[in-house]
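**Student:** Following this message is one structure expressed as structure tokens.
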Amino acid sequence: MATMLAKYLLIWENKYMSIPTCPSRLLEVPEVIGTDLAKPPAGRSKTFRSYDPQQPFLLPPSLDDWLPEDDEARFISEVVEELLDLDVIYHSYQSSDGAPPYDPKMMLKILIYGYSTGVTSSREMEKRCIKDVAFRFLTANQSPDYRSIARFRRRHLKALDNLFIQVLKVCQEAGLIKLGRVALDGTKLHASASKHKAMSYDRLEKRIPEIEAEVAALLAEAERVDREEDTTFGGDRRGDEIPQELRRRESRLNKMRAAKEAIEADAREKAAQKASKKVQDSGSDEEEVEKVVQEASENAKPEPRAQRNFTDPESRIMKTNEGFDYAFNAQLVVDEKSQVIIAAQVVQDANDINQLSPMVEKTSENLGKAGIKGDPDTLLADAGYCSEENLQKAQEAGLDILIATGRLKHNERVSPSPRGPIPKNATRRELMARRLRTRSAKADYARRKAIVEPVFGQMKVKQKAGRLRLRGIEGANGEWNLHAICHNLRKLANNRVGMPVAII
């Protein structure tokens with residue numbers, strides 16, 4: 001070892017003592033240590049750079065020197081360190097006698113960088129913290145295990161709402177939000193659930209009694225074996241050992257019962273809502289409405305084909321680009337100027353018809369929390385959001401909304417030209433269809449796809465956002481918020497000029 005160190009120092013003195021240099025040049029010493037290795041092999045005249053995989057470093061290496069200056073990981077590290085307020089996350093930890101947890105800043109950097117680059121698996125993140133220079137840069141060479149990463153992600157889902165607002169505020173201060181035209185749209189996200197782990201209501205009604213009978217038979221058999229063993233070997237056994245087959249069937253029976261109850265509750269809720277709307281439209285008093293709703297709820301019958309998934313009971317069967325699958329419906333409101341997301345939400349409804357008002361309210365709420373004054377000039381939405389009720393609510397709220405009407409009914413007529421007197425008995429759909437034929441409305445609505453569709457494409461391709469990792473509606477919402485944060489940070493990284501130094 002002493003001989004090798006003396007060799008290092010001699011080479012360093014011969015190469016560097018005679019010329020001015022900087023400390024970073026010291027890392028170049030390994031290139032010249034084995035100069036004898038650079039000699040061309042026999043029969044070859046070309047000289048190559050020296051290469052020795054076993055060459056140790058003379059000085060400790062720096063990860064900062066290994067990561068390019070414009071790498072996305074550096075930007076995410078700066079944002080988390082300088083721009084985000086993580087007090088909500090830090091305050092959730094209490095002192096304990098166990099091993100100290102990983103620093104939340106480091107864990108958040110891993111999550112944001114992982115999701116930004118399409119690495120959403122906690123196990124894959126653990127591997128990257130060992131093999132990937134960018135992850136090692138963010139973790140300062142620590143390597144948290146996948147359980148710690150997964151628990152941190154699940155534990156702080158609520159904090160992601162606050163982080164989304166903070167990033168939205170930074171985007172506003174950087175001049176990325178104009179609030180001129182905004183577009184609303186939805187897309188289907190595959191749930192973390194298998195189609196083979198589900199059962200329809202009709203099938204559940206038949207299988208539950210069968211499983212109950214099988215469980216009873218297994219219990220009787222276990223009791224008989226216990227009596228025989230007590231007679232043969234004595235009463236040394238506890239008698240409470242549960243056979244593996246019985247444990248499996250009891251667990252499955254519990255899941256099936258829970259699924260059956262959930263389908264029945266959903267049917268009661270839908271029947272009550274339908275009856276309530278029908279009675280209220282007829283002008284009945286409050287007592288009559290309550291009575292009819294209660295009767296409808298009690299007499300509700302689930303659809304035989306209604307299904308629930310055992311893996312993720314809160315997911316719903318929906319039509320996706322790959323066919324029918326268990327999924328969630330993800331909603332976005334996107335600003336036109338830089339395609340910054342200003343509102344994100346995940347729902348269980350397969351269609352978008354009931355999402356217009358909630359997304360408008362969430363947009364106003366987010367803008368208010370971020371300190372952004374004003375409302376969007378025009379909201380653009382496709383025909384999936386069009387209904388008389390939605391158009392009426394928009395008109396009452398004074399919102400300027402352009403919604404494609406889709407196919408009009410046979411009794412609805414709209415002139416190909418928007419000119420001429422407006423019929424007094426025109427429905428709201430007819431009025432909207434008439435307006436969409438004007439030159440200004442055509443120009444506005446033509447921008448809808450260009451505003452929101454690329455955002456879905458970028459998130460599903462770049463961030464692998466099309467398939468969720470977390471189960472349940474709460475987990476789906478938290479993960480969708482995390483994807484929205486990563487998307488906005490990418491927009492911020494692409495427009496760093498004028499970015500604020502810190503959140504005030």
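**Student:** Which condition number in (1) acidic (Asp, Glu); (2) modelled with pLDDT under 90; (3) under 22 Å from LYS274 (Cα atoms); (4) under 18 Å from the mean Cα position of the chain (by Cα) is the one that GLU295 fails?
**Tutor:** (4)
**Student:** Kindly establish whether LYS301 is open to solvent by 40 Å² or more (accessible area, probe 1.4 Å) and modelled with pLDDT of 85 or more.
**Tutor:** So LYS301 does not fit the description; no.
**Student:** Which residue pairs have Cβ atoms closer than 8 Å, lie 6 or more positions apart in sequence or on different chains, and pair a first residue in the range 417-437 that is of a type in the set (A, V, I, L, M, F, W, C) with a second residue that is part of a loop (DSSP other than H, G, I, E, B) and at pLDDT 75 or above?
**Tutor:** MET432/CYS386; MET432/THR405; ALA433/THR405; LEU436/ALA404; LEU436/THR405
**Student:** Can I ask one more? Test VAL360 against the stated conditions and say whether it is modelled with pLDDT under 90 and either closer than 30 Å to TYR445 by Cα or of a type in the set (A, V, I, L, M) (or both).
**Tutor:** Judged against the criteria, VAL360 is not a match.
**Student:** Go through the range 387-411 and give me each residue that's surrounded by 13 or more Cβ atoms within 10 Å (Cβ to Cβ), modelled with pLDDT under 90 and either touching a Gly at 6+ places or on another chain (Cβ under 9 Å) or basic (Lys, Arg) (or both).
**Tutor:** LYS393 - this is the single residue of the range 387-411 that is surrounded by 13 or more Cβ atoms within 10 Å (Cβ to Cβ), modelled with pLDDT under 90 and either touching a Gly at 6+ places or on another chain (Cβ under 9 Å) or basic (Lys, Arg) (or both).
**Student:** Of all residues in the range 430-470, count the ones that are of a type in the set (A, V, I, L, M), outside any helix (DSSP H, G or I) and surrounded by 14 or more Cβ atoms within 10 Å (Cβ to Cβ).
**Tutor:** Final tally of qualifying residues: 4.
**Student:** Please specify each residue of the range 336-380 satisfying the condition of being open to solvent by less than 60 Å² (accessible area, probe 1.4 Å), polar (S, T, N, Q) and in contact with a Lys or Arg (Cβ under 9 Å, 6 or more places away or on another chain).
**Tutor:** Within the range 336-380, SER338, GLN339, GLN345, SER357, THR378 meet the criteria.
Okay, residues lined up against (1) more than 20 Å from the chain's Cα centre (by Cα); (2) surrounded by fewer than 16 Cβ atoms within 10 Å (Cβ to Cβ); (3) part of a helix (DSSP H, G or I):
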residue	(1), (2), (3)
ALA99	yes, yes, no
ILE110	no, no, yes
TYR115	no, no, yes
MET125	no, no, yes
CYS129	yes, no, yes
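**Student:** Of the residues that make up the range 136-144, is at least one at positive phi and of a type outside the set (Asp, Glu)?
**Tutor:** yes
The rows are residues; the columns are (1) more than 15 Å from LEU468 (Cβ to Cβ); (2) free of Cβ contacts under 8 Å to residues at least 40 places away in the same chain.
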position: LYS319; (1), (2): yes, no
position: GLN331; (1), (2): no, no
position: LYS337; (1), (2): yes, no
position: ALA344; (1), (2): no, no
position: ILE353; (1), (2): yes, yes
position: LEU356; (1), (2): yes, no
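The values are calculated or read from the model by the stated rules, or taken from the named source; none is laboratory data. Only a predicted model underlies this, so the values are computations on that prediction, with no experimental measurement involved. Don't worry about glycine lacking a Cβ; one is built from the backbone with ideal geometry, like all the others, and counts go over all protein chains shown. In case anyone asks, the SASA skips ligands and DNA or RNA and just uses the protein heavy atoms, side chains included. Shrake-Rupley method; radii C 1.70, N 1.55, O 1.52, S 1.80 Å.
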